[in-house]
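Read the structure below first, then the notes.
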Amino acid sequence: MINVTEASYHYNQKKVLDDINFTVKKGEIIGIVGPNGSGKTTLLKLISGMLHANTGDIRIKGQSITKYEQKKLAKIIAVLPQTIEASFNYSVQETVKLGRYAHQTGLFPQWTDEDENVVKKSIQLTGLTGMEEMSLATLSGGERQRVFLSRALAQEPEILMLDEPTNHLDISYQIHLLDSLSQWSKTSDLTVIAIFHDLNLASFYCDKILLLNNGKMIAMDAPNKVLNERDLTNVYRTQLTVGEHSTVPKTLISLVPKLPTLPQENGLMSQISMDLTKEMIVIQTKQPFKTLSSSIIGDGIGWKSTFVNRHVHKNYNCNSPRQDMTSFLQSHSMNSPDCIGMMTAATLEDVATEALNVNNHSIFTVITAGTSNAVDVSRAMHREEEVVYPGTINMMIFVDGRLTEAAFVQAIMIATEAKTKALHDEHIIDPLSATIASGTSTDSIVIAASQTKELIEYAGSITQVGKAIGHTVYEATRKAIQNNKTRRSGHE
């Protein structure tokens, strides 16, 4: 559809684009990204025929763009610039109708039913239905942007070129517009070339991304290949991280702000406070810790500063534990988005803690354990029925260090292995299989890291941090189980 070969362009003596080469297939969405002054808009103008390359060649559908008559090119390419000044105070409908100019023929062109239907559809697709008679002068910047996009769509182009198409649009219309462009490209073979400043939007919606810097093409490929940390850091000269979106298979770029440097605390325990009542254990950190958790509230990855282990009755039964826990936190003036929230039927007085310092890092582990609901997971498939007894092992492991995502996962593995070993050594039995239990059916865990100090790339059992996690979890789990046994035997 589009072939750009060794294209260069300069204003006077300044070279704006230098030796650009790429190909765009029919129906692709191509994003052009790069810092200000990298040549993005100039490249768009070259491809649309508004400017002519000083050297090289640009071909549209196999023919040099310089060979096209303007009206014929307008049937193929529609352009939405970054800013458009309306010379006349047209209505929305009158402005959109201008998009049909390229399809008018003869000395006395006739407005047809087809023209009317295309205009109506274009207005509908851009969410302007009901605004047809409104004057452009009365519209917001975002609304005018949608009007001019509607005009471009009314051209029924094969190629749509957009310079920052989401400029002035609020979030809902950004997503609506790009969702629609994605749908049109797949169902109508519409080829889209768009300039993006938002790298994440480019990642989410583009088939390929062209990265420019100082007029040179750094890369053009699939988003997950172009949007890498090394190239983006070099091009944009700012600190950022590249990861993966949590719900769709797309690259996600996060900017890393330079926050004020805080004084380093002397050890993990100076950053943590812990309160124990019969109703709950509350641990608070002075600054949010990065967490990976299986808890009822705050599950998954997050940043939390309040950690709650709530006691519930052994006959607790609720259709929505998450909502119940949220209400519980709110009733105690705690904001659930800042919280890790766990539940246990174990008596909180049986809690066990263990702290350990290794090298420049420290570990603090808090565990409550009830074992009536013990399960041997290797035999769980042989259970004929689900029998639930009160009992939960809740583990909170705090690490004063900066963990990678891999280290978070390894920490959970180590903690789980240590818990299972503690159950073995305490001879905790699955009452249904009569074998050594590996846990309980409702265990919960959180790994919380301060994300300060040196980077901890690995937290396996061979590392100092991994050894410390394993030791504190094992010792605290055994102690919590023993506390539970002692208290229960005292009531018998």
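The values are calculated or read from the model by the stated rules, or taken from the named source; none is laboratory data. Since the structure is predicted, the reported quantities are computational estimates derived from the model, not experimental observations. Don't worry about glycine lacking a Cβ; one is built from the backbone with ideal geometry, like all the others, and counts go over all protein chains shown. In case anyone asks, the SASA skips ligands and DNA or RNA and just uses the protein heavy atoms, side chains included. Shrake-Rupley method; radii C 1.70, N 1.55, O 1.52, S 1.80 Å.
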Listed highest first by mean packing, meaning other Cβ atoms within 10 Å per residue, what order do 360-371, 436-447 come in? 360-371, 436-447
Figure the gain on full extension for E69 and T347 (residue separation times 0.36 nm, minus the Cα-Cα span) and round it to one decimal in nm. 91.8 nm
At what distance in nm do the modelled label points of M50 and L252 sit from each other, each positioned 7 Å from its Cα along Cα→Cβ? 3.5 nm
With a probe of 1.4 Å, find how much accessible area the chain has per residue, and write the answer as a whole number in Å². 51 Å²
If you take every residue apart from Q410 with its C-beta less than 11 Å away from the C-beta of Q410, what net charge results, scoring Lys and Arg +1 and Asp and Glu -1? -3
With a 1.4 Å probe and all protein chains left in place, how much of the accessible area of the chain comes from carbon and sulfur atoms, in whole percent? 50 percent
Computed helical MRE - 222 nm, the chain, DSSP H runs ≥ 4 contributing -39500 (n - 2.57), nearest 500: -9000 deg cm²/dmol
Please find the FRET efficiency linking K121 to N335, where r is the Cβ-Cβ separation and R0 is fixed at 45 Å, and quote it to the nearest 0.05. 0.45
Of the GluC sites (Glu not before Pro) in the range 112-146, which ones lie in a loop per DSSP and count no more than 13 other C-beta atoms within 10 Å? E133
So if each residue of separation counts as 0.36 nm, and I subtract the Cα-Cα distance between M274 and Y316, what length gain in nm does that give? 12.6 nm
Test of understanding: express the Cα radius of gyration of the range 29-96 as a ratio to 2.2 N^0.38 Å, with N the residue count. 1.33
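If you take every residue apart from T126 with its C-beta less than 13 Å away from the C-beta of T126, what net charge results, scoring Lys and Arg +1 and Asp and Glu -1?
With Lys, Arg at +1 and Asp, Glu at -1, the net is +2.
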Rounded to one decimal in nm, the spacing of the 7 Å Cα→Cβ label points at V409 and L240 is 2.5 nm
Taking 19 Å as the cut-off for C-alpha to C-alpha distance, list the pairs among K290/K453; K40/K216; K71/K97; K14/K208; K25/K208; K258/K290 that go past it. K14/K208
Among [x] 27, 60, 13, 0; [y] 22, 55, 21, 1, 0; [z] 19, 35, 27, 17, 2, 0, the entry that matches P(r) over Cα pairs in 20 Å bins from 0, in percent as calculated here: [z]
Give the Kirkwood hydrodynamic radius (Å, one decimal) of the range 348-492, defined as one over the mean of 1/r across all pairs of different Cα atoms. 15.6 Å
To the nearest 0.05, the calculated FRET efficiency linking K286 and M381 through their beta-carbon distance, R0 being 30 Å, is 0.10
Antiparallel %, DSSP beta bridges [both residues in the chain], to 5: 65 percent
Note down the nm distance, to one decimal, between modelled labels 7 Å out along Cα→Cβ at R59 and at S327. 7.0 nm
Using DSSP, restrict attention to beta bridges with both residues in the range 54-211 and report what percent are antiparallel, rounded to the nearest 5. 25 percent
Computed from the mean reciprocal separation of all distinct C-alpha pairs, what Kirkwood hydrodynamic radius does the range 286-363 have, in Å? 14.0 Å
Grab the beta carbon distance between N36 and T416, set R0 = 45 Å, and tell me the FRET efficiency rounded to 0.05. 0.35
For D170, project a label point 7 Å along Cα to C-beta. Then give me every residue of the range 139-160 with its amide nitrogen under 13 Å of that point. 140-143
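Once you have the Kirkwood Rh of the range 251-383 from its Cα pairs, apply Stokes-Einstein at 10 °C and 1.306 mPa s and quote D in µm²/s.
Details: Rh = 17.2 Å.
Roughly 92 µm²/s, to the nearest whole number.
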